[in-house]
Amino acid sequence: MSDDPRDNDPNKTAPIADPTAGDVNAPSSVEDAERKLQEAAKSGTNLDTLVGRLVVEQGLATSDEVKHCLELRRQSDEDESNRSLMALLVERDYVTKRQLTRLREILEAERQGQKIPGYKILGELGAGAMAKVYKAKQLSLNREVAIKILPKKYSQNAQFIERFYAEGRAAAQLNHPNIVQAFDVGNTGDTYFFVMEYVAGRTVHDDIQEHKRYPEKEAVNIIIQVAEALEHAHAKGLIHRDVKPKNVMITREGVVKLADMGLARAVTDLEAAEAEKGKAFGTPYYISPEQIRGEMNIGPPADIYSLGATLYHMVTGSVPYEGKNPSAVMHKHLKGELVPPDHVNPKLSPGISEVIEMMMARSSRKRYQTATDLLVDLRALKKGEQPPIAHKEVLAADDLASLAAAEAAAQSEGIPEDATEGSGRAISDILLSPPYMILMALLVISVILNIFLALYSR
Ligand SMILES: Nc1ncnc2c1ncn2[C@@H]1O[C@H](COP(=O)(O)OP(=O)(O)OP(=O)(O)O)[C@@H](O)[C@H]1O
Ligand SMILES: [Mg+2]
């Protein structure tokens with residue numbers, strides 16, 4: 001077991017994000033922003049030159065406005081001439097403090113060699129365990145995109161690089177309104193990046209953090225859209241492998257988009273290869289048992305399990321299995337008893353509980369085998385009807401359970417007191433039956449005849 005502190009957060013795929021990542025708070029003062037910017041820049045860089053270039057590049061101010069500020073400083077008295085270009089830009093409202101934070105992020109990205117030809121980085125969108133995601137402009141098409149930039153460590157691994165391109169190509173074949181569209185994969189030097197549709201909105205994870213629980217109807221509507229995305233991907237032979245609330249985005253118009261299609265495989269396989277033998281990856285709260293076991297054959301039911309765990313979290317406000325670290329959570333996915341969702345939230349309909357329990361069946365054979373089947377039940381739930389597939393399973397399970405209970409009762413009671421009586425009655429029934437009596441009569445007659453014959457023959 002590694003002693004990496006990242007191993008202690010079951011919500012993460014592997015390493016947790018850099019604590020400073022995603023810091024969108026505006027600096028408390030211009031001096032603070034200057035200090036941070038200088039830290040982000042290469043040492044010895046002239047801050048004014050840097051600020052001047054960045055604000056123009058980012059379209060925050062024109063080069064004339066920058067020149068104007070520099071001119072003002074030259075003309076001003078001794079005190080004023082000590083003031084930085086940044087302070088003057090803020091004072092004249094060309095740049096806000098919040099925009100200065102963005103400049104720092106951009107500078108950091110550039111410093112890490114994340115200048116991607118053909119794209120202009122506009123700011124950071126978020127950071128996950130493996131990578132940072134930036135908003136950018138694709139210059140050729142003048143459109144906004146999101147770019148996921150992977151850490152340089154991946155560039156050392158030939159298997160990862162091969163898979164990264166293969167999965168990127170596969171993901172680019174997908175075209176579905178509920179899948180974040182993959183546009184491009186590439187590398188610049190040893191930095192690998194994935195360009196995708198920019199989704200202005202939030203993730204289901206953000207919502208859970210904020211409101212805790214989703215109303216059943218809303219959750220079903222969201223999950224239907226994800227299931228439709230999976231149906232499309234599975235039909236093209238692509239398994240997501242990392243379905244979870246953080247990868248389900250919702251646009252401002254309420255359209256659901258499944259993110260990171262095609263990325264999980266490239267990354268988790270690399271991690272799995274690098275990890276100690278037998279150590280499974282994937283976000284433990286939502287990972288399927290077969291992924292934990294490191295099985296080779298990961299099919300659609302694995303995504304269905306993770307989607308079930310996501311739905312469980314959405315409607316109950318709790319993850320299906322909680323534990324003090326990832327391995328404790330994973331152990332429960334393999335061996336723990338799932339608390340039925342309607343026991344956690346009694347307001348849930350029995351139907352949705354049946355569906356979730358079938359999605360999360362421990363054995364992949366007992367789950368929905370396809371997203372198409374799952375959609376049959378989800379659409380029934382949406383109409384307020386009983387989910388036909390899951391309900392049938394429950395009935396069959398009930399029958400089996402009552403049969404098993406009857407057998408168990410028979411065994412535990414041992415030989416019933418009236419059993420001998422019962423069998424005695426059965427024997428007397430046989431003794432009194434007409435064929436038996438005729439047979440007995442014939443036997444008696446034959447014995448008597450034989451005795452007579454024996455006596456007369458002497
Ligand atoms: N296409 C996109 N459009 C807009 N924002 C995005 C897009 N993709 C990702 N993001 C934002 O970037 C954040 C980081 O995404 P990333 O996929 O790196 O990590 P994650 O899925 O949140 O978590 P983890 O790395 O633990 O799996 C997301 O939480 C989301 O807010
Ligand atoms: Mg993601």
So if each residue of separation counts as 0.36 nm, and I subtract the Cα-Cα distance between Arg35 and Gln159, what length gain in nm does that give? 40.6 nm
Neighbour net charge for Asp64 - beta-carbon separation under 13 angstrom, K R +1, D E -1: 0
Expressed as a percent, the portion of alpha-carbon pairs in segment 49-203 spaced more than 21 Å apart is 54
Counting only backbone N atoms under 20 Å from a point 7 Å out along Cα-to-Cβ of Thr96, the residues of segment 161-202 in range are 200-202
Can you give the relative contact order of segment 201-399 as a percent, counting alpha carbon pairs under 8 Å and 6+ residues apart? 22
Taking the number of other C-beta atoms within 10 Å as the exposure measure, put Asp207, Asp303, Asp242 in order starting with the fewest. Asp207, Asp242, Asp303
In cubic angstrom per residue, the convex hull of segment 207-258 built on its Cα atoms measures 79
In the structure shown, do any of Lys36/Lys153; Lys97/Lys246; Lys244/Lys332; Lys152/Lys236; Lys36/Lys137; Lys148/Lys217 have a Cα-Cα gap over 22 Å, and if so which? Lys36/Lys153; Lys97/Lys246; Lys152/Lys236; Lys36/Lys137; Lys148/Lys217
Need one number: nm distance between label points at Leu72 and Thr49, each 7 Å from Cα along Cα→Cβ, rounded to one decimal. 2.4
With the Cα gyration tensor of segment 114-198 in hand, give its eigenvalues times 5 under a square root as the equivalent ellipsoid semi-axes, listed largest first in whole angstrom. 19, 16, 12
Got a sec? How would Thr251, Thr372 order by Cβ neighbour count within 10 Å, fewest to most? Thr251, Thr372
Between Val339 and Ser63, what length in nm is gained on full extension when 0.36 nm per residue of separation is reduced by their alpha carbon distance? 93.1 nm
How much length, in nm to one decimal, is gained on full extension between Gln173 and Arg362, taken as 0.36 nm per residue of separation minus their Cα-Cα distance? 64.9 nm
So, relative contact order of segment 114-249 in percent, Cα under 8 Å, 6 or more apart, is 19
Three principal axis lengths of segment 201-399 [C-alpha, angstrom, descending]: 47, 45, 35
What distance in nm separates the two pseudo spin-label positions at Lys382 and Leu395, each 7 Å out from Cα along the beta-carbon direction? 2.4
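Bear in mind that the values in this text are calculations on the coordinates, not laboratory data. Fair warning: this is a prediction, and the values are worked out from it, not measured in the lab. Glycine also receives a Cβ, built like all others from the backbone with ideal geometry; neighbour counts cover every protein chain displayed.
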